[in-house]
Every structure is written in structure tokens, then in C-alpha cells.
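The values are calculated or read from the model by the stated rules, or taken from the named source; none is laboratory data. These numbers come from a predicted model, not from an experiment. When we count neighbours, we look across all protein chains shown, and the Cβ atoms used for this are built from the backbone with ideal geometry, even at glycine.
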Amino acid sequence: MENNQQPSQILSNLGIEALNPMQEAAQKAISHDTNLLLLAPTGSGKTLAFLLPVLQLLQPGKTSVQCLILTPSRELAIQIEQVWKKMGTGFKVNVCYGGHAMGTEIHNLSHPPAVLIGTPGRIADHISRNSFALDGIQTLILDEFDKSLEMGFQEQMSFIIGGLSNLTKRVLVSATSGIEIPGFVGMTSPKILNFIPENEEKTALEMKVVISEEKDKVYTLFDLICSLNSESALIFCNHREAAERTSDFLNHEGIFATFYHGGMNQDDREKALIQFRNGSVNYLITTDLAARGLDIPEMKHVIHYHLPLHEHEFVHRNGRTARMHASGTSYLIVHQDEPRPGYLEESLEVIELPKNNPLPNPPEFVTIYISGGKKNKINKVDIVGFFSQKGELEKGDLGLIEVKDFISFAAVKRSKIKSLLGKIRDEKMKGKKYKIEVAR
């Protein structure tokens, strides 16, 4: 399908007035150069920086995949797909990742999209099954490609790229500089656009060390959270089990927290992020999976419950705060006998935590689950209308609404939940009765 949208219309669809300097430079470079390495910090708008020029490269009327975008995580793949759909280009997009129904993906690929987004493992699987033809793919984007290498996708990426015989453009995107590009990528003397500031990120970010007298740091974490004036925080652990255990402990102590890691199924991962995004959970305990590429708000506080092994992971975690000229604080919980990694400066400020602070206030919002979504012809306007007319909610009582294919989530003020659920219990939305309850 042809793209009739002017660039200004696409920006308007995205709610953006103008491109930033990095996006402008990337658009020009991707249009003109065969090989490009784009380096820019988390939160700077890299997705749009490569999607806009990709749009210019697509040929209307072609019935094969023209651009392949590989990402290390399903969340990042879904996020890129959402940006593309918001752009309103008229070109079909599909996303493929582990945990997504294979049958659905194969059906989608039987009418090939112009843009295919996916994780290396799942795309390699589809290539083995001949789900789509490779000969029409001229543009390859490897987003957060260093993370894909770290996660052990070398073999799959090498297999995929080896099958792309008609590539005319390769774009590698990363938030980390100084990375070696493996030979299998086939990139010779790429143009490098480096927008990672050397010193700027350090100026806005405060780092503070909190000493834990006990080896089990949960009590120190509890005291730290209680000292943050009820402001939300992202808490990093090195292991999935630790993230779950820490979340359970905090909830038991009266703090509204949830966990997020790669071992959860896709629906549970998505629900955890939605609850954190919409303010119905204030503390997300996670592994390094959430260190980059996730659509979550900028944080004022990042807490390292465990310190990561590598400096670049430490940098990415901290990149969740003090982004785009805002300030933030990174807290490092360290046991008094714990050896400090070499990447930490000796001179970091050590802070004493006040004891017996009150618990953080409960979150202002609660997430409501609705058993219908886009495929049931439900949109945000329908939900707002239903909740305000039948549920008698005022404008400020409704927060973020997210509509998925078959389910939806809406943030509702905690004080209004009981009356809302009572009023809409027997009501129909668009002529149909849906299950509507507090999300578990």
C-alpha cells in the first residue's frame, strides 16, 4: 500500500513537533550510506531515527519483506511495531518473537509485510520453515545489537544475515560505544554517528552508596524505599529468583511492588509494565532485561540491589534516570564486606538511612482489566465514554488506558474503584457485556 503521508503528518501522528539533531543526522545518513553505526543514549528517540528513513526506502507495490529489524527482546520488538503503526505509513508491519503463537505469525507472513520486526531466535526459526522469502530484503536494522550478542544470539544472527543476499543497507543501533562489530554482519568501513555524550550523563546523575549491615539486603532496601518520599523507583537484581523474592517481601511489608524478568510469560510481563507505567505499582523489581529498550517512564530513582558484573550494564541501568537533561539518583546497596567492582569510583558518597520512616503512600491508581480489545472493536474513546457515562467517573479519575488485541487495561483512581465496579456491573459496552475487574 502506498504511503501518502507527508513527513509533517507522520510527526503529527506521533505527537512530535520536530526531529532532534540525532534523528535528523540519522535520516540523512541512512538515506545516503550503505553501512551505518548509530550510537545514541537510551531515551533519545533512536527508533524513530531509523524508522523514518526506512519508510523512504520502501517501494509501494512490492509484495515481499523489504526491511528486516532484529531486536534482542520481544518488548523492544513490540515497541518498534507500535511506533510504526502510530506513524500511519500505509505499509504493513508484522512482529515475530518467542512466546507469540507460531500459527498466527505464519498466517501473517503468508501476506508478507513490508517491514518485519523480530527477535533473532524466532526469525531464524521462520527462515528455517521458509515462512517468508528473503530475496526482497534490502535493508537490515540491528537494534541494540550489542545486547543481542551479549544474550548469545550470534549463531542465529549469523544464520539470518547469511541468507540475505540482496542487502543494500545495514544499520547497527546501540546505546553503548566502543563495541566491536562481528565479521558476520558484513559491515565494511561503516559511517559512525556518535551522539553519546562523554560527560553530560555524569553531571545530572547522583550516585549514593547505602551500606547494608546484613548480607540479606532486603531490610536495607525497605528502609531506602521508605526514605524516598513515596516516589517510584526501578530496582535491579542480578537474578530472576531474587527479583521475585524481593517483590514478595516488599508486598508483605505493605509496599506496592511487582517483578519483571525474562522467565515470565508475555502476558504477565506486559501486565507488570502496564501497572508500573500507569502508576498503580510504584516499585518495579527487575533483572537487566529492563535496563534498556523498554517503554517505561523516566525514573527519578534507580536502585542497584545487586551490582552488575560489567560496567556497561551499570551504565544502562543508570540510563533509566537522568535522561534528556533531567536529574536523578542511583543508589548502590552494598554489604559492608562486599568487594566493590573495579568500575566504581572510590569516592562515592555513603549515606545513612533514617530508620522508622513511614511506609510510602499507596499508589494513586489501580489497574482495571477489561476482557475486550482492538479485535473486539474497542478503543480508548469507548472505554473513557463507558467509564464516565455508566461509571460516573470524572476526568481526573481515569489515568493511562492501554488497549491490546483481546484485552485492555485502564488506570482508575483508588478512591473510585468500588463505586465504579458497582455501577457498571450489569452494563454493556458497545452492546456487549465484558468482564471488568481489578487486574490480578
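Filtered by the rule that a residue be hydroxyl-bearing (Ser, Thr, Tyr), out of contact with any Gly (no Cβ under 8 Å at 6 or more places or on another chain) and not in a helix (DSSP H, G or I), the range 401-430 gives no residues.
Inside the range 248-307, residues that are assigned to a helix (DSSP H, G or I), farther than 24 Å from residue 176 by Cβ and among the aliphatic types (A, V, I, L, M) make up a count of 3. Checking the condition modelled with pLDDT of 90 or more, hydroxyl-bearing (Ser, Thr, Tyr) and either within 28 Å of the chain's Cα centre (by Cα) or assigned to a loop (DSSP other than H, G, I, E, B) (or both), which residue from 177, 189, 165 passes? Of 177, 189, 165, the one residue that is modelled with pLDDT of 90 or more, hydroxyl-bearing (Ser, Thr, Tyr) and either within 28 Å of the chain's Cα centre (by Cα) or assigned to a loop (DSSP other than H, G, I, E, B) (or both) is 165. Of the residues making up the range 136-159, just one is more than 17 Å from residue 310 (Cβ to Cβ), assigned to a loop (DSSP other than H, G, I, E, B) and small (Gly, Ala, Ser), namely 136. Give the range 125-135 a look and list any residue that's assigned to a helix (DSSP H, G or I) and touching a Gly at 6+ places or on another chain (Cβ under 9 Å), or say none. Once the filter is applied, which keeps residues that are assigned to a helix (DSSP H, G or I) and touching a Gly at 6+ places or on another chain (Cβ under 9 Å), the range 125-135 yields 125, 126, 127.
Residue under question is residue 403, and the condition is that it be under 21 Å from residue 281 (Cβ atoms), of a type outside the set (Phe, Trp, Tyr) and at pLDDT 95 or above; does it hold? When the stated conditions are applied, residue 403 does not pass them.
Name every residue in the range 2-57 that is touching a Cys at 6+ places or on another chain (Cβ under 6 Å) and without any contact (Cβ under 8 Å) to a residue 40 or more places away in the chain, in order of residue number. The answer is none; no residue qualifies.
Taking the conditions (1) more than 30 Å from residue 222 (Cα to Cα); (2) surrounded by 13 or more Cβ atoms within 10 Å (Cβ to Cβ) in turn, residue 209 satisfies each one other than (1). Kindly indicate whether residue 358 is outside any strand (DSSP E or B), loosely packed, with under 14 Cβ neighbours inside 10 Å and at pLDDT 90 or above. It is true that residue 358 is outside any strand (DSSP E or B), loosely packed, with under 14 Cβ neighbours inside 10 Å and at pLDDT 90 or above.
Tell me, please, whether a residue that is aliphatic (A, V, I, L, M), at pLDDT below 85 and surrounded by 22 or more Cβ atoms within 10 Å (Cβ to Cβ) can be found in the range 268-290. For the range 268-290, residues aliphatic (A, V, I, L, M), at pLDDT below 85 and surrounded by 22 or more Cβ atoms within 10 Å (Cβ to Cβ): present. Looking across the range 86-101, the residues that are at pLDDT 95 or above and either more than 19 Å from the chain's Cα centre (by Cα) or more than 29 Å from residue 13 (Cβ to Cβ) (or both) come down to 91, 92.
One residue alone among 152, 118 is free of Cβ contacts under 8 Å to residues at least 12 places away in the same chain, within 23 Å of the chain's Cα centre (by Cα) and within 26 Å of residue 192 (Cα to Cα), and that residue is 152.
Being touching an Asp or Glu at 6+ places or on another chain (Cβ under 8 Å) and surrounded by 14 or more Cβ atoms within 10 Å (Cβ to Cβ) is the filter; apply it to the range 361-386 and report the residue that is modelled with the lowest pLDDT. My answer is 373. In the set (1) farther than 24 Å from residue 83 by Cα; (2) touching a strand residue (DSSP E or B) at 6+ places or on another chain (Cβ under 7 Å); (3) of a type in the set (Gly, Ala, Ser); (4) crowded, with 19+ Cβ neighbours inside 10 Å, the condition left unmet by residue 131 is number (2).
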